[in-house]
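Everything below concerns the one structure shown next.
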Amino acid sequence: MQPIIIVLIILVVLVFIALIKTIQVIPQASAAIVERFGRYTRTLNAGLNIVVPFIDSIRNRIDLREQVVPFPPQPVITQDNLVVNIDTVIYYQVTDARAATYEVASYIQAIEQLTVTTLRNIIGGMDLERTLTSREEINAALRGVLDEATGKWGIRVNRVELKAIEPPTSIQDSMEKQMRADRDKRAAILTAEGIRQSQILTAEGEKQSAILRAEGESKAAALRAEGEAQAVRTVFEAIHAGDPDQKLLSYQYLQMLPKIAEGDANKLWIVPSEIGDALKGLSGAFGNLGGGAPGFNTGGNGGNGGNGGNGGNEGGPGVVNPRGAAVERREEPPVH
């Protein structure tokens, strides 16, 4: 009884194992290589797949998604015999699982070695300055060579990027000094241009200010002259409108004489020659009224004052100016 139970248990286990080996579930974006007695049979795609247990075997499961593989820095010699270390990153994708399994032993290692050799060939034909400034050119050349070589392996290289290009330390110091000198040069040029532009703007501003100031003064002088002319014209028109006679003008003229002598600093004042005409007119006015007015003789030789008063009917006592038209005013007491 017990041997039969043991046999049944063994059969159940075998059936269970057979079912497990028969049913194969492949994840999305993956593929599996099936071999029968060591020979390639087919490729299992994503989903539920049935295989013959104990006859068919799964050789390899391959991820079909795009992969990113960074490679360590590789020393490369440039055309001008300088050693630089270059880090690369490869973006690739398996397009044929069978070719990636049977055409190359290890496609990752093969891609790395192919990248190193291709990179050395490309960089060997460039100098350091071109190497540092031609990343896109190097990337395109690498991608073209790798894509062509890996096509038969069932691999497509999508992108190749250079992470870093590190020249020797001495070259880095020299480049840093050169860049600092270039920056100082550009800063000096920009400073000089700024000072020049500032001086130009200042000169233009002063020029415009001088022009505007001159125009303002010219307009102010013109307006001032127009105002004075208008004032003279107004006074002249007012005088002619009032029609003054010679008597009124003579009287106004005499009223202005005390104002000429005002002030303690006035030691000497000049009597104008027109004072004679004013006195004659005023004497004539007094003569018509019937009374004599004192006569004034403004002659240069100091004539008789009485004769000067003959302008009226009865002349009064004359005032004589022995020094002519010049009259000196003194505050000191007379010396005996």
So what is the accessible area of the range 113-213 per residue, in Å², with the probe set to 1.4 Å? 67 Å²
Can you give the extra length, in nm with one decimal, that the chain gains between residue 163 and residue 222 once fully stretched, where that is 0.36 nm per residue apart less the Cα-Cα distance? 13.4 nm
Approximate spin-label separation residue 186-residue 170, in nm, with each point projected 7 Å along Cα-to-Cβ: 2.8 nm
If you roll a 1.4 angstrom probe over the protein chains with everything in place, what fraction of the accessible area of the range 17-75 belongs to carbon and sulfur, to the nearest %? 58 percent
How far apart, in nm, are the 7 Å Cα→Cβ label points at residue 102 and residue 229? 11.6 nm
Report the extension gain between residue 15 and residue 212 in nm, rounded to one decimal, defined as 0.36 nm multiplied by the number of residues separating them, less their alpha carbon distance. 59.8 nm
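The values are calculated or read from the model by the stated rules, or taken from the named source; none is laboratory data. Since this is a predicted model, take the numbers as computed values, not measurements. Cβ atoms come from the backbone with ideal geometry, glycine included; neighbour counts cover every protein chain shown. These accessible areas exclude ligands, DNA and RNA; they are computed on the full protein's heavy atoms, side chains included. Shrake-Rupley method; radii C 1.70, N 1.55, O 1.52, S 1.80 Å.
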